[in-house]
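One structure is given here, and the rest of the page talks about it.
Read-outs: derived from the displayed coordinates by stated rules, not from any lab. Remember, it's a predicted structure, so these values are computed and weren't measured experimentally. No Cβ is skipped: glycine too gets one built from the backbone with ideal geometry, and neighbour counts run over all protein chains shown.
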Amino acid sequence: MSVSSLLRTSCRRAFGVIGGGRRSVSDLLSGVHVVPRRSIIDLSYSTHFMDFKGSSIPSSMQKLTVTRLSQHFKEAVCLNTVPVPTPGDGDLLVRNRFVGINASDINYSAGRYDPSLKPPFDCGFEGVGEVVGLGLSASARHTIGETVAYFSDGAFAEYTVVPAKKAMAVPSAKPEFLTLLVSGATAYIALKRLGELTEGETVLVTAAAGGTGQFAVQFAKRAGCHVVGTCSTDEKAGFLKSIGCDRAVNYAAEDLGQVLRQEYPKGVDVVYESVGGGVFDLAVNSLATGGRLIVIGFISGYQSASGVATVKGGTLPIKLLQKSASVRGFFLPHFLRDYQEALGSMMQMVAQGTLVCEVDCGDQAQEGRFVGLESVFRAVDHLYAGKNLGKIVVEVAPAPFASSKL
């Protein structure tokens, strides 16, 4: 008998049709336990993929959470143990290798950016690490084991769920890539959109040896400008000269106002300003005719109750009018339409070896390298003590021993 004949006979026997007899459906099902129908594909796993074996994903993790609003980071933030989250359809689950420290971390913990946000909430703006889980839609552009850098809330954690659209694939989990996400992008976009740099102009960068200042110096030089950078030590001054700064001013040893008056009597054309207070006032007084002052921050006031350092605002209108000058504010989330172009351009510079991304991992700090989430507190103190050279980065976890295999 052929295979097809055997199949037809088996089917007829199953339904009681041999010899022309026919049994009712109720007779056939009598005494039989009916198993609920199920799909061949288990759809319960179709919305996300988690590489538990290759990545050794634990059931719980540590993360930093803002539990009360305060400009004092240690008072506002606690280290908690929570379940590892599962990514949604358009999300990635990233195991963080490095996270970045920003002066504005304490503005976020103080609730200054979004007054409607109430504790508890996650903190940290940027990270780089490996994708260990992802949603179905996210899998169209990313894969398990891929290394990504991202600019998204909740980075101060061992694992972070990140919208795929906010992540960028990078060659490796090096902290240098992390420096581009906030610090580099701020300098690139602010100078391009608001600085309107012209070759031969003079640009003053305050806190020039810091996370974003280092990039402002380099982008201004690429535009053909003469760059003046402020810093607090001779070591930092040497670093600034190494990245192209024409005049590094160590304000601990020199009077910045006197330097500007004597060496730049016609004023400066553009100021990239992040300090605030008296430095802001000095920068306004030093503007040339048609000068542009870009406010990207005012760190000198962040640790105060108001978050703002006092400036001589009463005389500002007349000073700007007399010089046809302007003060322009820059907040990165308002310029996200320029973000991808900025990252792409900077990544190309890094690949070509034409962009320095200085990282401070705390190797010279008194208690040593910033390793583990608990060292985020030390890293924030390191920044506000003005001890950093370059972008402060915390190593959350060491490199994995085995590659992901899904």
Only Lys, Arg, Asp and Glu count, each charged at its Cβ (+1, +1, -1, -1), so figure out the dipole size of the chain about its Cα centre, rounded to 20 debye.
1740 debye
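Among DSSP bridges having both ends in the chain, what percentage is antiparallel? Round to the nearest 5.
On the way: 36 of 60 bridges.
Percent antiparallel among DSSP bridges in the chain is about 60.
Give the peptides 227-235, 314-322, 155-163 in descending order of average Cβ contacts within 10 Å, highest first. It would help to have the intermediate numbers written out before the result.
Numbers: 227-235: 21.7, 314-322: 11.3, 155-163: 24.7.
Highest mean packing first, the order is 155-163, 227-235, 314-322.
When only C-alpha pairs under 8 Å and at least 6 residues apart count, what is the relative contact order of the stretch 182-352, in percent?
Dividing the mean separation by the residue count of the stretch 182-352 yields 20 percent.
Once you have the alpha carbon radius of gyration of the stretch 315-406, what is it after dividing by 2.2 N^0.38 Å, with N set to its residue count?
Numbers: Rg = 19.9 Å, N = 92, 2.2 N^0.38 = 12.3 Å.
Dividing the Cα radius of gyration by 2.2 N^0.38 Å gives 1.62.
Treat the stretch 195-289 as a sphere of radius equal to its Kirkwood radius over Cα pairs and apply Stokes-Einstein at 20 °C in a medium of 1.002 mPa s; give the translational diffusion coefficient in µm²/s, rounded to a whole number. Please report the intermediate quantities before stating the final value.
Numbers: Rh = 12.9 Å.
Answer, rounded: 167 µm²/s.
Using a Förster distance of 22 angstrom, determine the FRET efficiency expected from the C-beta separation of HIS72 and GLU235, and round it to 0.05. Working shown, then result.
Values: r = 29 Å, r/R0 = 1.30.
The pair HIS72/GLU235 has a calculated efficiency of 0.15.
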The set of residues whose placed amide H lies less than 5 Å from the amide H of ASN96, leaving out same-chain residues fewer than 5 positions away, is TYR159, THR160
Note to self, the chain gives a 222 nm [θ] from helices alone (DSSP H runs n ≥ 4, -39500 (n - 2.57) apiece, / all residues, nearest 500) of -7000 deg cm²/dmol
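Give me the mean projected area, in nm² to one decimal, of the convex hull enclosing the Cα positions of the stretch 139-270. Display every interim value, and only then the final one.
Numbers: hull surface 40.7 nm².
That works out to 10.2 nm².
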Could you work out, for the stretch 182-352, what percent of all Cα-Cα pairs fall into each 5 Å distance bin, beginning at 0 Å and stopping at the bin that holds the largest distance?
2, 9, 18, 22, 23, 15, 8, 3, 0, 0
Among SER324, SER300, which comes first, then next, by fewest other beta-carbon atoms within 10 Å?
SER324, SER300
Over the stretch 232-275: Kirkwood hydrodynamic radius from C-alpha pairwise inverse distances, Å:
11.5 Å
For the chain, the Cα-Cα pair-distance distribution in 20 Å bins from 0, as whole percents, is 24, 46, 16, 8, 5, 1
Once you keep just the Cα pairs under 8 angstrom separated by 6 or more residues, what percentage relative contact order results for the chain?
16 percent
Placed amide H near VAL327: partners under 5 Å, 5+ positions off or other chain
LEU293
Label point 7 Å beyond Cα of SER242 along Cβ direction - residues of the stretch 354-389 with amide nitrogen under 18 Å:
354-365, 387-389
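Would you mind calculating the gained length between GLN340 and ILE318 on full extension (0.36 nm times residue separation, minus the Cα-Cα distance), in nm to one decimal? It would help to have the intermediate numbers written out before the result.
Values: separation 22, 0.36 × 22 = 7.92 nm, distance 3.84 nm.
Residue separation times 0.36 nm, minus the Cα-Cα distance, leaves 4.1 nm.
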Based on the alpha-carbon set only, what is the convex hull volume of the stretch 250-298 divided per residue, in Å³?
69 Å³
Keeping to pairs on different chains or 8 or more places apart, tell me how many lysine pairs in the stretch 182-352 have Cα atoms under 18 Å apart.
6
Sequence neighbours fewer than 8 away in the same chain don't count; with that in mind, list the aspartates and glutamates whose C-alpha is under 16 Å from LYS165.
ASP89, ASP91, GLU126, GLU130, GLU146, ASP153, ASP338, GLU341
